[in-house]
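Structure first, commentary second.
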Amino acid sequence: MTRRLLFLAHRIPYPPDKGEKIRAWHILEHLARSWQVEAGFLVDDRADLAHLPVLERSCAAVEWRPVLSRWGKAARALLRTRPGRPLTLGWFHEPSLFRWAQRGLGEGRYDAVFVYSSAMAPYAMGPAAQRHRPVRVLDMVDVDSEKWRAYAASAKPPMRQVWAREARTLLDLERRAAKEFERTIFVSAEEARHFAALAPDCADRLGFVDNGVDLARLDPAVDYPNPYPGGAPAIVFVGTMGYRPNVDAVVWFTDHVLPLLRATPLAGGALPEFHIVGANPSAAVQALAQRPGVHVTGGVPDVRPYVIHAGVSVAPLRIARGIQNKVLEAMALARPVVASPQAFEGVRATPGRDLLVADGAAEMAARVREVLEGRHPGLGVAARAAVAAGHDWNAALRGLDAMLAGEGPPVAMLEAGAMTACLPPSGYARRR
């Protein structure tokens, strides 16, 4: 019997060129092997529409809607603000896509539903979704409400109040969704445990599915041309450079770490240079290009040459949730990585052997200097071995089929018996 699955995502899941889309694509690709998938998603970059044929080949049906510009979405979110309602819902709510999803759910078209991100949870909630009782799995990925809480902690009025309200109201939505969905998963055990502490009444429904890496695509043996002119030792940061945590990371590194590295030449007399690689650099990031030894590329066709030819890849994030793909991908490319404790969270690797973890500017500068001076010669090889062992997509996604079928063992057990991703609650019967 053909099994139908509804897949909902807040952004088009292809091409897999940024963290959230990498995870979404690999999950969709995996599910399409054994389910007839109908995918619905939003498109915020018209250039991505060129990739629709890839999705149409994988899915039985593809339904997408364009979304407004950033400012248009902000205006719509504000207009739809209601007491207790997060701005996130107004930002990602597209009425006709919502009606399409609800209509299919109400008709009983689906045996299972997979929703990617808490922002899309309302598309699969309510009476229409509950009537025929498909297995519903929500992938929150990270605890998004905690990101807004972190923003509020470092903001000034009035944005402090705005972000604090968003954290509070979004957490309410996350809790309601976790109560209604049969399973809710996160990107790491740490994120799942964190949410369990915030929503203990949902703890028996929570679990995690690690991020993986595409080892074939991230092959360090490929001979890419060197994109760095001049031969100075290159420090690289890769990410979407309009995303606030990434902006905060590179500004902090430029202000506090790079001056320590350039104050004294490396062994051999060279001064390192910092390369910020990624699309949509904010004004704050673009301004960094005026600093000595800093280069801002903007979007590039392929980030792999920039990583492979760098002396070290850094992840100095101070605001971070879940697993950082930038860390996993640099490790897969056999590059030495120096990461903050926040960026290291969820990575299945051993600090000191597979990568270096540094807390604070002085420690990060010291670890980067050590790498650039050749004092950790085996770090890159060990890094690739670690992600090959701990972050293989096939292994990470092995439990999804059983979970979406409403049967089989838990998708993941969290350490020390703190909580488990368990079977659906008693009284739940899978529709056949």
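Here, each number is a calculation from the coordinates, and none is a lab measurement. Remember, predicted model here, so these are calculated numbers, not experimental data. We place every Cβ from the backbone using ideal geometry, glycine too, and count neighbours over all the protein chains shown.
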Checklist entry - With the radius of gyration and the Kirkwood radius both derived from the Cα set of the chain, what is their ratio Rg to Rh? => result 0.97
Checklist outcome for this item: Residue-normalised 222 nm signal for the chain, counting each DSSP H run of n ≥ 4 as -39,500 (n - 2.57), nearest 500 deg cm²/dmol, is -11000 deg cm²/dmol
Next on the checklist: What is the distance in Å between the Cα centroid of segment 352-367 and that of segment 112-138?
Outcome noted: 42 Å
Checklist outcome for this item: Mean separation of Cα contacts under 8 Å (at least 6 apart) over the residue count of the chain, i.e. the relative contact order in percent, is 14 percent
Checklist entry - Against the longest principal axis of the chain, how steep is helix 189-198, in degrees 0 to 90 to the nearest 10, with axes from Cα atoms? => result 60 degrees
Checklist entry - Considering only TYR123, GLY207, ALA192, whose Cα is most displaced toward the positive end of the charge dipole of segment 118-237, charges sitting on Cβ of Lys, Arg (+1) and Asp, Glu (-1)? => result TYR123
Next on the checklist: With only alpha-carbon atoms in the gyration tensor, what are the semi-axes of the equivalent ellipsoid for segment 234-390, in Å, largest first?
Outcome noted: 21, 19, 14
Checklist entry - Quick one: which of LYS179/LYS326; LYS156/LYS326; LYS18/LYS179; LYS21/LYS179; LYS21/LYS326 span more than 23 angstrom between C-alpha atoms? => result LYS179/LYS326; LYS156/LYS326; LYS18/LYS179; LYS21/LYS179
